[in-house]
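K.L.:
My structure is below; once you've seen it, I'll send some questions.
The values are calculated or read from the model by the stated rules, or taken from the named source; none is laboratory data. Remember, it's a predicted structure, so these values are computed and weren't measured experimentally. Cβ placement follows ideal geometry from the backbone for every residue including glycine, while neighbour counts extend to all protein chains displayed.
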Amino acid sequence: FCPEIEAQDYDDYVKKVKDIYEEVSGQGVFDDNDADRTAALYFIIDAQFCADPLRMIQRYISALFYYSTKGDEWKENMDWLSSKHECLWGGLECTNDSITEIRRGDNFLAGTLPFEVCSLPLLQSLDLDSNNIGGNLPSKIGECQNLVVLDMDENNLIGSLPESLFNIKSLRLLDLDSNQLTGSLNSDISNLVNLEMLALHINKFSGKIPSSLGKLKTLEVLYLDKNDLTGRMPASICRNRSFGNLIDVTVDCGGPNREIVCEKNCCTCFNDVSNEPQQRDASLSRSSGDK
């Protein structure tokens, strides 16, 4: 019936497909009335789709991403849930038939980001900015071990940054500005040793700026303004501004009620009423223009 997964008949096929997907989504997930994961399961089963296990998983995760982010309401959903290879679904980029990028920016995505995307072994880019994705970043986001770009600014993410995020040593761009993220900035952020851009502005982060950020020698842009951070900008960061690769640092160090104390020539100072987007755009273009 489906030799790729050694299924002998339809009932055996259904059982083995469920077993494969429970390895990805968790045991018993299809018995828990999880509408999105069940919909993705039956998208596969109803089509009697048959392929090797890795391809079965990739197609399931692609369908799950669609259901979890309310694909029926997207601005553009060309070929999604069609019979075509998932690499031909709009916004999915592949190498050798394996998904490497998910690009669905400014496309009316809502719902939540399913943690299963990190079971795509070659995934390098999640480009989902300017949407309405809510909830927390998945606690398993750190399983995206080949991720280079995590771009989810201008969404409705809540909660703190999951600790596993700081295990993605391949990450070069972490852009999460303009969300509702809270909590303190974990000193383990310095584990992101290849990071070039860190944009966390316009959130609700609090506490001190960790001095460990100064260990990020590849960092070119650090945007932290429009948060509830307090204290003094660590000298280790300012040294990278003077002698390292750091092009721009933005914090709330301007106006009469400044929240961050920063050395002269280290920071671009913002305050609660001034957004100064031209300054930010100029520094961003300098840091990313050659990439």
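K.L.:
Any residue at all in region 109-124 that's over 27 Å from PRO3 (Cα atoms) and among the β-branched types (Val, Ile, Thr)?
P.N.:
The answer is yes, given that some residue of region 109-124 is over 27 Å from PRO3 (Cα atoms) and among the β-branched types (Val, Ile, Thr).
K.L.:
Might you check whether a residue that is outside any strand (DSSP E or B), hydroxyl-bearing (Ser, Thr, Tyr) and touching a residue at least 60 places away in the same chain (Cβ under 8 Å) occurs anywhere in region 195-215?
P.N.:
Our first condition is that a residue be outside any strand (DSSP E or B); within region 195-215, this holds for 195-196, 200-203, 208-215.
Of the ones still in play, those that are also hydroxyl-bearing (Ser, Thr, Tyr) are 211-212.
Narrowing the set further to residues that are touching a residue at least 60 places away in the same chain (Cβ under 8 Å) leaves none.
The answer is no, given that none of the residues of region 195-215 is outside any strand (DSSP E or B), hydroxyl-bearing (Ser, Thr, Tyr) and touching a residue at least 60 places away in the same chain (Cβ under 8 Å).
K.L.:
Would you be able to tell me the number of residues in region 31-64 that are of a type in the set (Gly, Ala, Ser) and farther than 22 Å from GLU6 by Cα?
P.N.:
Narrowing region 31-64 to residues of a type in the set (Gly, Ala, Ser): 35, 39-40, 47, 51, 62-63.
Next cut, farther than 22 Å from GLU6 by Cα only: 35, 39, 62-63.
Selection size over region 31-64: 4.
K.L.:
Let me ask you something else. Quick one: which residue in GLU73, GLU93, GLU101, GLU86 is surrounded by fewer than 21 Cβ atoms within 10 Å (Cβ to Cβ), of a type in the set (Asp, Glu), at pLDDT 95 or above and in contact with a Lys or Arg (Cβ under 7 Å, 6 or more places away or on another chain)?
P.N.:
Working: GLU73 fails: in contact with a Lys or Arg (Cβ under 7 Å, 6 or more places away or on another chain); GLU101 fails: in contact with a Lys or Arg (Cβ under 7 Å, 6 or more places away or on another chain); GLU86 fails: surrounded by fewer than 21 Cβ atoms within 10 Å (Cβ to Cβ).
Residue meeting the stated conditions: GLU93.
K.L.:
Go over the candidates ASP106, ASP79 one by one and state the one that is in contact with a Leu (Cβ under 7 Å, 6 or more places away or on another chain) and in a loop (DSSP other than H, G, I, E, B). Give the steps one after another, and end with the answer.
P.N.:
Details: ASP106 fails: in contact with a Leu (Cβ under 7 Å, 6 or more places away or on another chain).
The unique qualifying residue is ASP79.
Quick grid of which residues meet (1) out of contact with any helix residue (DSSP H, G or I) (no Cβ under 6 Å at 6 or more places or on another chain); (2) farther than 20 Å from ASN77 by Cα; (3) of a type in the set (Val, Ile, Thr):
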{"site": "PRO114", "(1), (2), (3)": "no, no, no"}
{"site": "LEU126", "(1), (2), (3)": "yes, no, no"}
{"site": "ASP129", "(1), (2), (3)": "yes, no, no"}
{"site": "ILE133", "(1), (2), (3)": "yes, no, yes"}
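K.L.:
Next up: With the checklist (1) outside any loop (DSSP other than H, G, I, E, B); (2) buried (at least 18 other Cβ atoms within 10 Å of the Cβ) in hand, flag the one item ARG55 doesn't pass.
P.N.:
All conditions are met except number (2).
K.L.:
Are any residues in region 58-76 touching a Gly at 6+ places or on another chain (Cβ under 7 Å) and part of a helix (DSSP H, G or I), and if so, which ones? Break it down stepwise before answering.
P.N.:
Going residue by residue through region 58-76, those that are touching a Gly at 6+ places or on another chain (Cβ under 7 Å) are 68-70, 76.
Matches in region 58-76: SER68 only.
K.L.:
Working carefully through the options GLU154, GLU220, find the one that is under 22 Å from GLY105 (Cα atoms), of a type outside the set (A, V, I, L, M) and buried (at least 19 other Cβ atoms within 10 Å of the Cβ).
P.N.:
Just one listed residue meets the conditions, GLU154.
K.L.:
Could you check ASN167 against (1) crowded, with 20+ Cβ neighbours inside 10 Å; (2) within 30 Å of ASN107 (Cα to Cα); (3) polar (S, T, N, Q) and say which number it fails?
P.N.:
It is condition (1) that ASN167 fails.
K.L.:
Let me ask you something else. Which of the residues that make up region 120-137 are assigned to a loop (DSSP other than H, G, I, E, B) and either more than 19 Å from LEU161 (Cβ to Cβ) or not acidic (Asp, Glu) (or both)?
P.N.:
So the first thing to find is which residues in region 120-137 are assigned to a loop (DSSP other than H, G, I, E, B), and the list is 120-124, 128-133, 137.
Those that are assigned to a loop (DSSP other than H, G, I, E, B) and either more than 19 Å from LEU161 (Cβ to Cβ) or not acidic (Asp, Glu) (or both): LEU120, PRO121, LEU122, LEU123, GLN124, LEU128, SER130, ASN131, ASN132, ILE133, LEU137.
K.L.:
Filter region 171-186 down to residues that are surrounded by 16 or more Cβ atoms within 10 Å (Cβ to Cβ) and part of a loop (DSSP other than H, G, I, E, B) and give me whichever is nearest to the chain's Cα centre (by Cα).
P.N.:
By that ranking, first place goes to LEU176.
K.L.:
Within region 226-236, work out how many residues are under 23 Å from the mean Cα position of the chain (by Cα), part of a loop (DSSP other than H, G, I, E, B) and under 17 Å from ASN186 (Cα atoms).
P.N.:
Of all residues in region 226-236, those under 23 Å from the mean Cα position of the chain (by Cα) come to 226-229.
Then keep just the ones that are part of a loop (DSSP other than H, G, I, E, B); that gives 226-227.
Then drop every residue that is not under 17 Å from ASN186 (Cα atoms), which leaves 227.
So the answer is 1.
K.L.:
Any chance region 125-135 includes a residue that's under 13 Å from the mean Cα position of the chain (by Cα), hydrophobic (A, V, I, L, M, F, W, C) and under 19 Å from ASN227 (Cβ atoms)? Don't jump to the end; show me each part of the working.
P.N.:
Going residue by residue through region 125-135, those that are under 13 Å from the mean Cα position of the chain (by Cα) are 125-131, 133-135.
Add one more test, that the residue is hydrophobic (A, V, I, L, M, F, W, C), and what stays is 126, 128, 133.
Cutting the leftovers down to under 19 Å from ASN227 (Cβ atoms) gives us none.
No - not one qualifying residue is present in region 125-135.
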